[in-house]
1. What translational diffusion coefficient, to the nearest whole µm²/s, does the range 90-239 have by Stokes-Einstein, given a Kirkwood radius computed over alpha-carbon pairs, a temperature of 4 °C and 1.567 mPa s viscosity?
2. I'd like the antiparallel share, as a percent to the nearest 5, of DSSP beta bridges with both residues in the chain.
3. Please report the relative contact order for the range 135-244, taking Cα pairs under 8 Å with a sequence separation of at least 6, and give it as a percent rounded to a whole number.
4. Limiting things to C-alpha atoms, what are the Rg and the maximum Cα-Cα separation (Dmax) for the range 11-86, in angstroms?
5. With a probe of 1.4 Å, find how much accessible area the chain has per residue, and write the answer as a whole number in Å².
6. Sorted by accessible area (1.4 Å probe), largest first, how do Asp169, Asp219 line up?
7. For an R0 of 22 angstrom, estimate the FRET efficiency from the Cβ-Cβ distance between Glu64 and Ala3 and round to the nearest 0.05.
8. Every cysteine in the chain with no other Cys Cβ under 4.7 Å from its Cβ, please list them in numeric order.
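The values are calculated or read from the model by the stated rules, or taken from the named source; none is laboratory data. Note that the coordinates shown come from a computational prediction; the quantities given were computed from them, not determined experimentally. As a convention, Cβ positions derive from the backbone with ideal geometry for all residues, glycine included, and neighbour counts pool all protein chains shown. Quick note on the areas: whole protein, heavy atoms, side chains included, nothing else; ligands and nucleic acids left out. Shrake-Rupley method; radii C 1.70, N 1.55, O 1.52, S 1.80 Å.
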Amino acid sequence: MLAPLFYPESIAVLGASRTAGKVGHDIVANLLASGYAGRIIPVNPAAPEVLGLPCLADITKSQEKIDLCIIALPSGLVLDAVRDCLAAQTKAIIVISSGFKETGPQGAEIQGRIADLCQSHKVPLLGPNCLGLLNTENQMNASFASRMPQPGCISVLSQSGAICTALLDLAAARHTGIAKMISIGNKADLNEGDLLVALAADAQTKVIIAYLEDIACGDEFVKAATEASSKKPVIILKSGTTVA
């Protein structure tokens, strides 16, 4: 189910930008710099190319099915962008953009509509309001974190993008390898339970660590954590449990 998310053969970046420092630019740059071997398709109606790659003006005009669509657009454009990705028959979506549940009821309502759309099409959604993901097995930095770790056997789930970048810095300083790093953000669709199941079955992952601020579905999470920890060590830091 999650193979198009972790092992896509083609990735489209909606909101790809020619301006260094913008998230849509940095994601394309990171995919190129990490050595990802699949096809990278920047989507930008106002640019002929980004970082030497020809741009697609409209994802729905793609002549091929795209495994993974990464959306890095202003929040007001995301719902329509998700509709376009689904119309183009993408197999997985990452929404990097913020401005949803974390902003209040209106943002939560739009986030719910995005999740409902993806679930009705059976297309897994990571995010919104997330850093993206990294997979060293296929040299894929599908995030706006500038540092690509060396390959290893530890996989990380984090509800905080800042924790992801801090752990990448720590891993580099200690010469520690990472298998996969997944920023789960607002968890509109995929949550910690879903990803624990995926990492428990992942041959590259020998240890799972997670930073969680809240847990979406308690019973499902306990079941997933129990099954995962029967196969490999699972270490979870749950924040917000004390006043400090």
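1. Rounded, D is 83 µm²/s.
2. Values: 9 of 40 bridges.
About 20 percent, rounded to the nearest 5.
3. On the way: 176 pairs, mean separation 29.5, N = 110.
Reported as a whole number, the value is 27 percent.
4. Cα radius of gyration and Dmax of the range 11-86 are 11.4, 32 Å respectively.
5. Numbers: 11080 Å² over 244 residues.
Value returned for the chain: 45 Å² of accessible area per residue.
6. Descending accessible area places them as Asp219, Asp169.
7. 0.80
8. Cys with no partner Cβ under 4.7 Å: Cys55, Cys118, Cys130, Cys153, Cys164, Cys217.
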